[in-house]
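For reference, the structure is listed below as structure tokens.
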Amino acid sequence: MKTKVVFVGAGPGDPELLTLRGKRELECADVVIYAGSLVPKEILKYARRDAIVIDSYGKTREDLFALYAKFAKAGKRVVRLHTGDLSFYSAILEQMAFLSSMDIDFELVPGVTAFSAASASLKRELTSPGVSQTLIITKPFGKTGKPAEESIAELSKHGATMVIFLGVHIIDEVVSELLVGYSPDTPVAVVHKASWSEEQIIRGTLDDIAEKVKIDGIKSQSVIIVGAVLEKSGLSKLYGGSES
């Protein structure tokens, strides 16, 4: 097959949630580079037995660039496994820019997101007629920063369902910002390692979720879901049999 780098969304954790396309790309790859701290090794069972498998944990961006250049020069097909989906918080922009600058062909294969897996585990739809038809996906301010109007505090004023990544380690700060727009009794769920065998679900409200999270010792790999949809639900008219 043609030399290229294929970025594959590996899904939230459960190997069975890897897409068929992602599985096929793994089966064809000469080289597989994966984030060992985030992507379960069970997913690597789909790789060829003779494939070169590299854990990217501890490697810098420049290390990855060097690997891409090396394997492209050798005519290898590389699969770069990223957790979840590639469309947000996947840190592939710089990698794509490098590949373009080196005239190395690349492709993106989407994956199942962690919040989709979390929603399934909670057995809840994240939008509900008459409750919330808007879903906000965000994260706290980090090293990369973001516009002030996109702070959790500002976004909370919409009252919509909110999904927060990369924030459970600073749960007190996150809750403080959420309380700017939501009431203390707003339902919250923290799903740790959604779809993994060690998945853990913590339910509460903005009034008590921080304490519950700290008691359980959850500090990473979690999705925080906030909103009335976790308790209330409305009826969709989409399949209601008549049009209004």
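The values are calculated or read from the model by the stated rules, or taken from the named source; none is laboratory data. Predicted, not measured: the structure shown is a model, and the values here were computed from it. Cβ atoms come from the backbone with ideal geometry, glycine included; neighbour counts cover every protein chain shown.
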Inside region 137-171, the number of residues satisfying the requirement of being surrounded by fewer than 17 Cβ atoms within 10 Å (Cβ to Cβ) and part of a helix (DSSP H, G or I) is 7
Scope region 72-124; condition over 21 Å from residue 19 (Cα atoms), buried (at least 17 other Cβ atoms within 10 Å of the Cβ) and at pLDDT 95 or above; matching residues = 76, 95, 98, 99, 104, 122, 124
When you scan region 1-52, how many residues do you find that are among the aliphatic types (A, V, I, L, M), surrounded by fewer than 20 Cβ atoms within 10 Å (Cβ to Cβ) and touching a Phe, Trp or Tyr at 6+ places or on another chain (Cβ under 9 Å)?
-> 4
Residue hits (region 181-217; of a type in the set (S, T, N, Q), in contact with an Asp or Glu (Cβ under 6 Å, 6 or more places away or on another chain) and either closer than 20 Å to residue 15 by Cα or touching a residue at least 40 places away in the same chain (Cβ under 8 Å) (or both)) are 195
Residue pairs within 8 Å by beta carbon, gap of at least six or interchain, first lying in region 63-92 and among the β-branched types (Val, Ile, Thr), second assigned to a helix (DSSP H, G or I) and modelled with pLDDT under 95, listed first then second, are 78/72
List the number of the failed condition for residue 80; all other conditions in (1) in a helix (DSSP H, G or I); (2) closer than 30 Å to residue 222 by Cβ; (3) not hydroxyl-bearing (Ser, Thr, Tyr) hold.
-> (1)
Which numbered condition trips up residue 33, out of (1) without any contact (Cβ under 8 Å) to a residue 40 or more places away in the chain; (2) outside any loop (DSSP other than H, G, I, E, B); (3) under 29 Å from residue 115 (Cβ atoms)?
-> (1)
Is at least one residue of region 172-180 free of Cβ contacts under 8 Å to residues at least 60 places away in the same chain, surrounded by 15 or more Cβ atoms within 10 Å (Cβ to Cβ), polar (S, T, N, Q) and not in a loop (DSSP other than H, G, I, E, B)?
-> no
Would you mention how many residues in region 93-114 are touching a residue at least 60 places away in the same chain (Cβ under 8 Å), part of a loop (DSSP other than H, G, I, E, B) and of a type outside the set (Val, Ile, Thr)?
-> 3
Breaking point among (1) over 25 Å from residue 94 (Cα atoms); (2) out of contact with any helix residue (DSSP H, G or I) (no Cβ under 7 Å at 6 or more places or on another chain), for residue 4 | (1)
Do we have residue 121 as part of a helix (DSSP H, G or I) and in contact with a Ser or Thr (Cβ under 8 Å, 6 or more places away or on another chain) here?
-> yes
Among (1) aliphatic (A, V, I, L, M); (2) in a helix (DSSP H, G or I); (3) touching a Phe, Trp or Tyr at 6+ places or on another chain (Cβ under 9 Å), where does residue 66 come up short?
-> (3)
Note on region 50-62: residues in a helix (DSSP H, G or I) and either touching a Cys at 6+ places or on another chain (Cβ under 6 Å) or touching a residue at least 12 places away in the same chain (Cβ under 8 Å) (or both) are 61
Residue 14 vs. criteria in contact (Cβ under 8 Å) with a residue 24 or more places away in the chain and among the acidic types (Asp, Glu) = yes
